[in-house]
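Peer 1: Pasting a structure below so you can have a look.
No lab work stands behind these numbers, since they all come straight from the coordinates. Just so you know, these numbers come straight off a predicted model, no measurement behind them. Cβ: placed from backbone, ideal geometry, glycine included. Neighbour counts: every protein chain shown.
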Amino acid sequence: MAGANREKGNHIITSKIEHPAVLETCQALEKEGFVVTYLSVDENGLINLSELEEAITDKTILITIMFANNEIGVIEPIREIGKIAKERGIPFHTDAVQACGSVRIDVEDMGIDLLTLSAHKIYGPKGVGAMYVRKGIKLEKVITGGHQERNKRAGTENVPRNSRIRKGNRACI
């Protein structure tokens with residue numbers, strides 16, 4: 001998302017207590033010239049919404065705040081963050097891996113533009129995840145060489161192979 005929107009700016013806002021999946025990605029983006037603001041949290045692990053608003057610049061292209069923290073269980077004020085992001089025209093991503101299946105998530109009501117989750121947290125297979133992307137959000141290709149995943153990732157989907165596959169009326173092994 002950052003690379004696809006670089007012409008709009010190079011500033012990303014996140015928190016200091018994000019999962020390494022977000023923190024390490026932000027650190028890698030900093031090496032590519034992006035500027036990342038890491039918001040502090042209070043004694044309960046909550047970001048300060050005023051600090052979030054103050055961190056926004058005309059170059060801010062993404063706000064990414066974890067829905068529920070995997071270490072302390074705090075649930076961030078997602079609806080309020082989404083409202084701030086929408087008012088400023090900034091895409092809002094939330095890592096909802098820990099929240100999915102535990103709390104109600106309404107991307108419309110909460111102003112979420114991008115949402116990621118992992119199947120293994122809801123009794124699915126490890127290594128499988130999903131990403132909700134609001135229509136109109138611009139993403140860049142992450143793996144080239146094909147047109148799978150709506151032209152965002154090349155390669156055959158990782159679908160577990162069945163030991164028994166139906167072909168016509170015969171079963172093939």
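Peer 1: Report the semi-axes of the equivalent ellipsoid for segment 26-77 in whole Å, largest first, where each axis is √(5λ) for an eigenvalue λ of the Cα gyration tensor.
Peer 2: Semi-axes, largest first: 22, 14, 9 Å.
Peer 1: Let me ask another. Report the residues of segment 41-70 in range of a label on Gln27: point 7 Å along Cα→C-beta, backbone N strictly under 19 Å from it.
Peer 2: Taking a point 7 Å out along Cα→Cβ of Gln27, the residues of segment 41-70 whose backbone N falls under 19 Å are 41, 64-66, 70.
Peer 1: In whole angstrom, note down how far apart the Cα centers of segment 101-139 and segment 51-85 are.
Peer 2: Going from one Cα centre to the other spans 16 Å.
Peer 1: Let me ask another. For Ile137, project a label point 7 Å along Cα to C-beta. Then give me every residue of segment 56-71 with its amide nitrogen under 12 Å of that point.
Peer 2: From segment 56-71, the list is 62-65.
Peer 1: Same structure, new question: Would you kindly give the portion of the calculated P(r) for segment 3-155 that falls above 21 Å, as a percent of all Cα pairs?
Peer 2: In whole percent, the share of Cα-Cα pairs in segment 3-155 beyond 21 Å is 45.
Peer 1: Calculate the tail of P(r) for segment 1-56: the fraction of all Cα-Cα distances greater than 18 Å, expressed in %.
Peer 2: 36
Peer 1: Could the peptides 89-96, 26-33, 51-58 be put in order, highest first, of the mean number of other beta-carbon atoms found within 10 Å of their residues?
Peer 2: For the peptides 89-96, 26-33, 51-58, the packing ranking is 89-96, 51-58, 26-33.
Peer 1: Give me the aspartates and glutamates in straight-line cross-link reach of Lys135: C-alpha distance below 14 Å, same-chain residues under 8 apart excluded.
Peer 2: In chain and number order, the partners are Glu108, Asp113.
Peer 1: Using the beta-carbon distance between Glu108 and Glu80 and R0 = 22 Å, what value does 1/(1 + (r/R0)^6) give for FRET efficiency, to the nearest 0.05?
Peer 2: 0.90
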